[in-house]
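Data first, discussion second: the structure below is written as structure tokens.
The values are calculated or read from the model by the stated rules, or taken from the named source; none is laboratory data. All figures in this text were calculated on a predicted structure; none of them were measured in a lab. Cβ: placed from backbone, ideal geometry, glycine included. Neighbour counts: every protein chain shown.
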Amino acid sequence: MRIAFVNCRIMPWGVLNVFEDLIESEDFSETKIFTLFSDRKFLETKKWNIEIVTALPKRINKLFLKFSKKKWFLASILDYRNLMFFYIPLMKILGRKIKKYNPRKVVISSFAVAKNLDFCKSDYNGNFKPQTTLYLHSPMQYIWSHYQEYSQKIRWYKIKIFKAIVPKLRKWDKKFTKYDKVFTNSEYTANLAKEIYKIDSKIKYPKIDNSFFNITANNNPDNYYIYVGRLVKFVKELDKIIHLFNETQETLLIMGSWPDEEYLKSIANGNIIFIGRIQDPIEKSKIIQNSKWLINITKESFWICTVEALLSGIPVFAYNDWWSLELIDKDSWILVPNKKHETLLKYFSQFTKKDRNRKKIQDNIKNKLKQ
């Protein structure tokens, strides 16, 4: 069977790991990957090396990729995140390329806009209608669940454009609701999908690497805390975490890379250590296992590194509004009600005074993942 796989962007983040798992679970004789923007020409999985087709012309895609790694003036313009201003025409281009490929099945992994293909419209009446499977990581966060956060952080000319296009993007986004199968990565996302798109879904948690299920809890951790994820000030609020640790002067390891890395390094004191993105799961698990706690104050639909930390017996300092409330227990977390600096300091002080049973944390999350 010829299958087209669709993802919003191809870049080295947790969503890409889930996307690779989706590819490995399908049976196909021929395939291509379709996306808006990619940092590579082929995606190499455990079994396959698959060609990537981008909505952006190759030269423009290469230009965006070049400037995403440079601290130049044009980098603020040629930032892949600015592609959201062109989502509607770009998705039309991508849809035409998929139609030309003529697959029998389309598997969509969407954390922003990949779900919005013309043949998935509620009023679509064209001839091209392949079988469709949607794995929804999140509705488009910028215009729905995270609109306020983005409104507060976008600056200069971008904020006027952003506020002007959001109503149009919302209206457009709600038109795409027709899929043969729909999976969501958590109850949190399933509820959002029902509320925004009026679609029902089956919950399917992302796959966690097996190495994290066999970790012995470390009751004598090293003297550091850890953040794992993309290095962004939007949504992940890593700038607020850095300001917190600048004041507490506790050691923080930051595991990850891109796209705001240079700025975040510029505001961090010497007690904050950037260790880059660790790809090897065994090395990654050892670093997490030996930490005091994971710091995570983002509002995510699912965050794999949080589950990895809990499976390592690591308690989590977290924000009180996101998917993980469905996996919470009093032994594993402390939840902050807002992200103001004074609040983070207050709850961090409380968190450091309480001992945690790391074996109990492991047992609790394993039981919840089985449900």
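The table for this structure:
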quantity	calculated
Flag if ALA268 is touching a residue at least 24 places away in the same chain (Cβ under 8 Å) and either outside any helix (DSSP H, G or I) or out of contact with any strand residue (DSSP E or B) (no Cβ under 8 Å at 6 or more places or on another chain) (or both)	yes
Scan of the stretch 349-371 for residues that are within 25 Å of the chain's Cα centre (by Cα) and either under 29 Å from ASP239 (Cβ atoms) or assigned to a helix (DSSP H, G or I) (or both), ordered by number	ILE361, GLN362, ASN364, ILE365, LYS366, ASN367, LYS368, LEU369, LYS370
Residues located in the stretch 98-129, provided they are touching a residue at least 40 places away in the same chain (Cβ under 8 Å), exposed (fewer than 15 other Cβ atoms within 10 Å of the Cβ) and either farther than 19 Å from LYS174 by Cα or outside the structural domain of TYR142 (by TED's automatic domain parsing) (or both)	ASN102, ARG104
Wholly enclosed strands (runs of 3 or more DSSP E) of the stretch 32-146 bearing at least 2 residues under 21 Å from VAL182 (Cα atoms)	105-110, 131-136
Search result, residues across the stretch 280-317 that are at pLDDT below 90 and more than 19 Å from ASN214 (Cβ to Cβ)	ASN296, ILE297, THR298, LYS299, GLU300, SER301, PHE302, TRP303
Residue in the stretch 304-312 that is among the hydroxyl-bearing types (Ser, Thr, Tyr), crowded, with 20+ Cβ neighbours inside 10 Å and part of a helix (DSSP H, G or I) present	yes
Enumeration of residues in the stretch 313-338 that are assigned to a loop (DSSP other than H, G, I, E, B), free of Cβ contacts under 8 Å to residues at least 40 places away in the same chain and β-branched (Val, Ile, Thr)	ILE328
Conditions (1) more than 21 Å from ASP321 (Cα to Cα); (2) at pLDDT 95 or above: number failed by LEU244	(1)
Test: residue in the stretch 202-210 that is among the polar types (S, T, N, Q) and at pLDDT below 95	yes
Qualifying residue in the stretch 210-223 (condition: part of a loop (DSSP other than H, G, I, E, B), out of contact with any Cys (no Cβ under 7 Å at 6 or more places or on another chain) and in the same structural domain as VAL106 (by TED's automatic domain parsing))	no
Members of the stretch 346-367 that are closer than 16 Å to ILE295 by Cβ and either surrounded by 14 or more Cβ atoms within 10 Å (Cβ to Cβ) or among the β-branched types (Val, Ile, Thr) (or both)	TYR347, PHE348, PHE351, THR352, ARG356, ILE361
Top-ranked residue of the stretch 242-278 - restricted to ones that are within 19 Å of PHE351 (Cα to Cα) and under 21 Å from the mean Cα position of the chain (by Cα), ranked as surrounded by the most Cβ atoms within 10 Å (Cβ to Cβ)	ILE242
